[in-house]
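Laboratory data are not the source of any read-out in this text; all were calculated from the coordinates shown. Keep in mind the model is a prediction, meaning the values are calculated, not measured. Because the Cβ atoms are built from the backbone with ideal geometry, glycine has one as well, and the counts that use them run over all protein chains shown.
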Amino acid sequence: MNLFSEIRALVVAQLNALQADGLLPEGLDFVNVAVEPPRDAAHGDMATNAAMVLAKPAKMKPRDIADALAAKLAEDARIQTAEVAGPGFLNLRLAPVLWQDLVAAVLKSGADFGRSDMGQGKRVNVEYVSANPTGPLHVGHTRGAVFGDALAALLDFSGYDVTREYYINDGGAQVDVLARSVYLRYLEAHGQDVAFEDGTYPGDYLIPVGKALKDKVGDAYVGQDETVWLAEVRAFATEKMMGLIREDLAQLNISMDKFFSEKSLYGTGLIEGAIQSLESKGLIYEGVLEPPKGKKPEDWEPREQTLFKSTEHGDDVDRPVKKSDGSWTYFAPDIAYHYDKVQRGYDELIDVFGADHGGYVKRMKAAVSALSGGTVPLDIKLTQLVKLYKNGEPFKMSKRAGTFVTLRDVVDQVGADVTRFVMLTRKNDAPLDFDFDKVLEQSKDNPVFYVQYAHARVCSAVKKAEEAGIDVSDAALNGADLSLLADPAEWAVAKKLAEWPRLVEIAGRTHEPHRVAFYLYELAGDLHSLYHAGKDNAELRFVQEDNAAVTQAKIALARAVAIVISAGLGILGVTPAQEMR
RNA sequence: GCACCCAUAGCUCAGCUGGAUAGAGCGCUGCCCUCCGAAGGCAGAGGUCUGAGGUUCGAAUCCUCAUGGGUGCGCCA
């Protein structure tokens, strides 16, 4: 139940009626007619811009349209008042019974309140994390992981059929480096002294992998040339690293539906097939690229390469798919991977990248546009850097990796719930400050605490009602007489709840899960306000020990808030707190 | 040099894909617990939305240019 769409439907119906009455010309387009919460609550519960949007095409004065529409709307029982204001806004005040109905609807739908069929079951693939399998996940990956996961949940809640996917970059040179690094640890496990030169991974996390390799093959690779062991060790190490990454993700309660291996594209004709598909569209040619302007690479020489004419699909320059020696560039398997996703029949694709891949967006979109003939939209969300702080100081150490802060360093210190919530308190394309102390602080300027506290507060109110001997079971609350919720302060909370389905829709449409976090913060604030109002006005307290019916109505409202908080936190992947400690 | 992202209160940030007097937290100022709901609450001050043009009934939001910051720019993925 979305009250805003309901009232918008009413507005449109009455506009049609005005046309039938000859008060509005025929043939008007109502798509731009919006029903929104007014910025200022004094203007009413909802406002519509219908008169202003239609004034021009109808060749009428906005106020004349607004007056006519107001008269029509006022006939409906749901509309208490309809007033024309400002340049032609129509401010609507809704009948109180609607707020009561809304609370009842929340209780009835439970966690599904706000779920919509906006996506109409369309298949959408959300690719995120996709970190190289060369070590544990670090903070940067963590933000992408949390963002992607919340976006996937949000789309699921909005009626899409979502696949959560991880692309394993196990085909390139970096896994050779990994294999050589593991080999060094393997030698070390045999008691040899080894040196980690530039271009190898010195992290401690490879020590157990080296030992495991020793356990598996004994000394078979000792003293052997890399031609003997490289392929084997690479496969072994990649598998171990993916195990590590899966465990890291599990720390954040993330589980992917699919892991797609880059390696599986090689030697199977898949890359060739994807390139061929582009070639058949005349988008592949042999050519020489212009050198980049400004700072030129030292060893620049013009070379002929196989190029993808990405400029025909919005890119700035054409991109190489083959190196001058004839082998594939990293871009080629990426094209093949996205071709595979297109062929798997997704209606929409979403990639979540780190901001350092920003230069990659246009060519990837160009590739998907070309491969799908423009039928499959690709949205690429970039997550900006996370700056870590501790005691107000920039924080850079890592216990495990020596060089970077890992996902586990963060989760170990503050927990999965806090990590997830905080990572979503910024827009994805804005840098994020993550202060280890602030995120654990119990105060209003810590959104995690504030939202969790609101939920816990409701739990505690329910408990208190039970202790007073009042039946606040689900059945009792469903049957509560909500007309006893008569105070505007209580309606205000219900109004905020009414915005939830609309908020979900907007967040889903814009692929912006952070909106959920901000909404929850506001809703929590409203709940806390109502609670505190009970200090001055005892009639507003949730628990009225001598009046079971009133208590049930108030607890019903509080429970409705908890349900929405819980649903919202569910989308963010955060567990609601039953009590604060 | 080019492309993309960003610029909103002293600080950190929202801002509904064009709506009314631009919001929140922190900080600041002022009130509020001898008692029943202060891990605080209420109220107030604080803004030319970086600048200049443009589009229109209407712009923080869209377009152009400028300024400042971030990211990236053939044989690394």
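Here are a few things to note about the model shown:
- Separation between Cα centres of region A:1-51 and region A:499-566, rounded to whole Å: 27
- Over the residues of chain A, the helix contribution to mean residue ellipticity at 222 nm works out to -15500 deg cm²/dmol, using -39500 (n - 2.57) for each DSSP H run of at least 4.
- Region A:3-94: relative contact order as a whole-number percent, Cα under 8 Å and 6+ apart: 27
- Neighbour-count ranking [beta-carbon atoms within 10 angstrom, fewest first] of A:I506, A:I555, A:I7: A:I506, A:I7, A:I555
- Against chain A, whose longest principal axis comes from its Cα atoms, helix A:173-189 is set at around 70 degrees.
- Structural descriptor for chain A: relative contact order 16 percent, calculated from alpha carbon pairs under 8 angstrom and at least 6 residues apart.
- Computed over neighbours whose Cβ is under 11 Å from that of A:G314, the net charge equals 0, Lys and Arg +1, Asp and Glu -1.
- Highest-first arrangement of A:175-186, A:84-95, where packing means the average Cβ count within 10 Å: A:175-186, A:84-95
- Summary of the geometry: region A:244-322 and region A:409-442, compared by the centres of their Cα atoms, lie 33 Å apart.
- Loop-located GluC sites (Glu not before Pro) in region A:155-240, at most 11 other Cβ atoms within 10 Å (DSSP): A:E197
- Segment A:A111-A:R78, length gained on full extension (0.36 nm per residue, minus Cα span): 9.3 nm
- Simple spin-label estimate for A:H532 and A:T375 in nanometres, 7 Å along Cα-Cβ: 5.6
- The local environment of A:K214, defined by Cβ-Cβ distances under 14 Å, has a net charge of 0 under the rule Lys, Arg +1 and Asp, Glu -1.
- On Cα atoms only, tilt of A:270-280 relative to the major axis of chain A in degrees: 70
- Label-point separation in nm, A:D219 to A:F436, each point 7 Å along Cα→Cβ: 4.3
- Peptides A:337-344, A:252-259, A:26-33 ordered by average Cβ neighbours within 10 Å, highest first: A:337-344, A:252-259, A:26-33
- Shape category assigned to chain A from the gyration tensor of Cα positions, a/c cut at 1.5: oblate
- Residues in region A:243-275 reached by a label modelled at A:K211 [backbone nitrogen below 12 Å; 7 Å Cα→Cβ]: none
- Local electrostatic count, A:K535, Cβ distance below 14 Å [Lys/Arg +1, Asp/Glu -1]: 0
- Placing a label point 7 Å from the Cα of A:A41 along the Cα-to-Cβ direction, the residues of region A:517-546 with a backbone N closer than 19 Å are A:518-542.
- DSSP beta bridges in chain A [antiparallel fraction, %, rounded to 5]: 50
- Residue separation of A:A468 and A:K390 scaled by 0.36 nm, minus their Cα-Cα distance, works out to 23.6 nm of gained length.
- Size of electric dipole in region A:120-197: Cβ of Lys, Arg +1 and of Asp, Glu -1, about Cα centre, debye, nearest 20: 240
- Region A:410-531 - percent relative contact order, Cα under 8 Å, separation 6 or more: 31
- Distance distribution P(r), region A:1-81, all Cα-Cα pairs, bin width 10 angstrom from 0: 18, 56, 25, 2 percent.
- Peptide packing for A:303-309, A:60-66 was compared via the average number of neighbouring C-beta atoms within 10 Å per residue; ordered from the highest value, the list is A:60-66, A:303-309.
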